[in-house]
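Quick notes on the structure that follows.
The values are calculated or read from the model by the stated rules, or taken from the named source; none is laboratory data. This one's a predicted model, so the numbers in the text were calculated from it and none came from an experiment. For neighbour counting, all protein chains shown are included, and Cβ atoms are generated from backbone atoms with ideal geometry for every residue, glycine included. Just the protein is used for accessible areas: all its heavy atoms, side chains included, with ligands, DNA and RNA removed. Shrake-Rupley method; radii C 1.70, N 1.55, O 1.52, S 1.80 Å.
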Amino acid sequence: MSAPSTSLTRGQRRAVLVVVSLALMMVVSAVSGLNVALPDLARDTGATQTELQWIVDAYTVVLAGLLLPAGALGDRFGRKGVLLAGLVVFALAAGTALFVTEPATLIWLRAAMGLGAALVMPTTLSIITTSFPEEEKGQAVGVWVGVAGDGAVIGLFGTGLLLEFFAWNSFFALNVVLAVLALVGTVAFVPRSRDAEPPALDVVGAALSLVGVTALVFGIIEGPARGWSDVAVLVGIVGGVAALAAFVGWELRLAHPMLDPRLFRLRGFGTGSLSLTVQFFAAFGFFFVALQYLQFVAGLSPLKAALAMFPMPFVMIPLARQAPKIADRFGINRVGALGLTLIATGMFVLTGLGAELNYALFAGGLVVFAAGMALAGTPATTAIVSSLPATKQGVASAVNDTSRELGSALGIAILGSVLNGAYRAGVADAAPAGAPPEVVDVAQQSVAAAQEVAAQIGPAGAQLATAAQQAFVDATGAALGTAAAVLLAAALYVLVRAPRRGDSLRSHDSGADREAVSD
């Protein structure tokens with residue numbers, strides 16, 4: 001492992017921290033910010049509900065699938081060069097997306113942005129750990145963690161503000177600006193570094209993980225539109241599971257695996273990873289569903305929809321700072337389970353939303369949801385990093401990030417598919433008798449399509465628009481209810497399995513598990 005650079009002045013280290021924080025902000029805000037633009041994007045491009053899922057999730061799937069191997073590239077070939085390459089790929093893809101209005105092309109460009117983001121995200125943390133002396137490293141890493149957490153909220157508000165004055169594609173302009181600023185800062189301030197003895201590149205493992213995640217998400221997203229018995233859907237789901245199983249088998253064979261699956265037997269490591277995955281499954285699935293509800297159904301502008309989320313940071317930030325003390329006092333298992341239960345409770349509250357927005361109900365559910373995220377997040381991360389020795393902290397950090405991004409991808413895929421399937425069924429059941437079948441087929445593609453076609457078919461149009469709106473409300477409740485059920489199951493597992501107060505995080509693990517940690 002390369003030693004931290006001692007040649008940088010305090011001012012230069014601060015400049016490095018600003019630059020890598022800006023790059024990380026670019027990555028995180030690109031996940032959340034697009035959700036605000038989805039209704040306008042759907043209206044202008046004609047994207048179906050399935051295509052909207054892919055436009056959001058193509059980025060997250062590639063990012064999640066490549067995070068682990070991308071970190072190793074920086075260690076081997078040089079962190080500054082890999083960071084620059086990631087920023088260039090991200091900026092070029094986002095810049096091209098500014099001028100594209102065809103959904104399929106947008107999906108591929110978002111995947112290219114995910115590739116750039118995968119090169120950027122782990123490299124930013126590695127640059128911090130190799131640029132700061134030991135006495136400053138903790139504070140610098142704390143800033144990185146804060147940006148990673150707050151970037152999603154900043155992405156929501158920043159995009160909402162832009163869309164108040166500009167078209168939906170201004171979201172991509174924001175991506176380009178952040179990438180260019182980070183690119184200039186990287187050239188000017190970030191030092192060159194690489195490991196003297198870099199880890200071997202696991203090309204097979206990287207390919208299997210990316211193929212497995214992508215195929216599985218493909219099957220989940222395409223299921224409602226193609227039908228769950230469709231050959232392509234079945235091949236995606238079965239093939240994805242098979243590829244992920246092959247990934248586990250491959251990693252178990254290696255002397256120095258990219259990710260040793262045996263680590264998940266460790267109580268803290270396994271439960272912390274599961275908890276983070278489920279938290280971000282719920283959070284980004286919620287963003288995908290709720291921001292469409294607020295605009296399509298409640299009729300809010302993009303900025304007002306983003307501002308409707310305003311209670312979140314005021315609850316999450318102060319409570320998250322106290323979460324470590326609370327977990328120390330009551331135990332990771334209790335506090336982590338409580339956090340997941342609160343997120344589930346917030347979701348259950350939000351299933352009561354109707355065609356007319358009751359903001360008191362929405363804000364109440366949001367506050368409970370945010371409190372749960374604050375209480376569950378820190379104990380989960382603590383459980384992961386405390387399960388492994390200092391020599392394995394790179395693995396702990398990578399798994400922490402991968403859990404977040406994988407959860408985000410699955411949340412958008414699964415909850416988006418529940419939304420899509422329930423919406424399609426609702427429109428089919430409630431469509432007025434006078435509506436032509438081909439019009440109903442169009443209305444099933446998305447609420448935006450339903451609102452557009454309803455204006456073209458006379459008296460039955462108003463009934464069709466109302467039916468589509470109510471179908472989307474019901475589908476929103478189904479998606480959030482599904483998330484709540486998953487959260488409660490995870491909360492029970494964390495309560496039973498996670499370390500308790502006073503436990504050593506590895507004290508109950510088997511000899512084989514401890515050997516995996518020490519290898």
query = So, of the residues in the range 441-458 that are β-branched (Val, Ile, Thr) and at pLDDT 80 or above, which turns out to be farthest from residue 423 (Cα to Cα)?
reply = 453
key: Long-range neighbours under 6 Å by Cβ, at least six apart or interchain, first residue closer than 20 Å to residue 497 by Cα within the range 308-332, second open to solvent by 90 Å² or more (accessible area, probe 1.4 Å)   = 331/500; 331/501
request  = Might you check whether a residue that is in contact (Cβ under 8 Å) with a residue 12 or more places away in the chain and over 24 Å from residue 200 (Cβ atoms) occurs anywhere in the range 70-86?
outcome  = no
Any hit, the range 350-362, residues being more than 20 Å from the chain's Cα centre (by Cα) and of a type in the set (Ser, Thr, Tyr) = yes
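Matching residues to (1) surrounded by 22 or more Cβ atoms within 10 Å (Cβ to Cβ); (2) in contact (Cβ under 8 Å) with a residue 24 or more places away in the chain; (3) of a type outside the set (Phe, Trp, Tyr); (4) in contact with a strand residue (DSSP E or B) (Cβ under 8 Å, 6 or more places away or on another chain):
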{"site": "106", "(1), (2), (3), (4)": "yes, yes, yes, no"}
{"site": "116", "(1), (2), (3), (4)": "yes, yes, yes, no"}
{"site": "120", "(1), (2), (3), (4)": "yes, yes, yes, no"}
{"site": "126", "(1), (2), (3), (4)": "yes, yes, yes, no"}
{"site": "133", "(1), (2), (3), (4)": "no, yes, yes, no"}
{"site": "137", "(1), (2), (3), (4)": "no, yes, yes, no"}
{"site": "143", "(1), (2), (3), (4)": "no, yes, yes, no"}
{"site": "146", "(1), (2), (3), (4)": "no, no, yes, no"}
query = Does the range 374-384 contain any residue that is of a type outside the set (Ser, Thr, Tyr), touching a helix residue (DSSP H, G or I) at 6+ places or on another chain (Cβ under 7 Å) and open to solvent by 20 Å² or more (accessible area, probe 1.4 Å)?
reply = no
query = Do we find that residue 290 is modelled with pLDDT of 90 or more, in a helix (DSSP H, G or I) and over 24 Å from residue 38 (Cα atoms) in this structure?
reply = no
query = Residues in the range 416-426: is at least one surrounded by 17 or more Cβ atoms within 10 Å (Cβ to Cβ), touching a residue at least 24 places away in the same chain (Cβ under 8 Å) and in contact with a Lys or Arg (Cβ under 7 Å, 6 or more places away or on another chain)?
reply = no
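Okay, residues lined up against (1) part of a helix (DSSP H, G or I); (2) open to solvent by 30 Å² or more (accessible area, probe 1.4 Å); (3) basic (Lys, Arg):
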| residue | (1), (2), (3) |
| --- | --- |
| 66 | yes, yes, no |
| 74 | yes, no, no |
| 88 | yes, yes, no |
| 101 | no, yes, no |
message = With open to solvent by 20 Å² or more (accessible area, probe 1.4 Å), under 20 Å from residue 292 (Cα atoms) and out of contact with any Asp or Glu (no Cβ under 6 Å at 6 or more places or on another chain) as the only criterion, which of 463, 469 stands out?
response = 469
request  = Being basic (Lys, Arg), open to solvent by less than 30 Å² (accessible area, probe 1.4 Å) and within 20 Å of residue 31 (Cβ to Cβ) narrows it down to one of 79, 110, so name that one.
outcome  = 110
Residues being crowded, with 20+ Cβ neighbours inside 10 Å and among the hydrophobic types (A, V, I, L, M, F, W, C) - total across the range 158-175 = 6
note = Reported set for the range 293-307 where residues are part of a helix (DSSP H, G or I) and surrounded by 17 or more Cβ atoms within 10 Å (Cβ to Cβ) is 293, 294, 295, 296, 297, 302, 303, 305, 306
note = Taking the range 176-191 and keeping residues in a helix (DSSP H, G or I) and surrounded by 19 or more Cβ atoms within 10 Å (Cβ to Cβ) leaves 176, 178, 179, 182, 183, 185, 186, 189
key: Candidates 242, 246, 196, 225 - the one that is modelled with pLDDT of 95 or more and more than 20 Å from residue 67 (Cβ to Cβ)   = 242
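Per-residue answers, yes or no, for (1) of a type outside the set (A, V, I, L, M, F, W, C); (2) crowded, with 19+ Cβ neighbours inside 10 Å:
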site	(1), (2)
285	yes, yes
290	no, yes
309	no, yes
321	yes, no
message = Take the conditions in contact (Cβ under 8 Å) with a residue 40 or more places away in the chain, over 24 Å from residue 295 (Cβ atoms), in a helix (DSSP H, G or I) and aliphatic (A, V, I, L, M) and apply them to residue 52. Does it pass?
response = no
query = Within the range 251-283, can you find the residues that are outside any helix (DSSP H, G or I) and surrounded by fewer than 24 Cβ atoms within 10 Å (Cβ to Cβ)?
reply = 254, 255, 256, 257, 258, 259, 260
query = What number of residues within the range 376-408 are of a type outside the set (D, E, K, R), in a helix (DSSP H, G or I) and over 27 Å from residue 56 (Cβ atoms)?
reply = 12
Single match in 16, 20, 31 (criterion: open to solvent by less than 10 Å² (accessible area, probe 1.4 Å), within 18 Å of the chain's Cα centre (by Cα) and at pLDDT below 95) = 31
key: Subset of the range 34-49 [assigned to a helix (DSSP H, G or I) and open to solvent by less than 10 Å² (accessible area, probe 1.4 Å)]   = 34, 35, 36, 37, 38, 39, 41, 42, 49
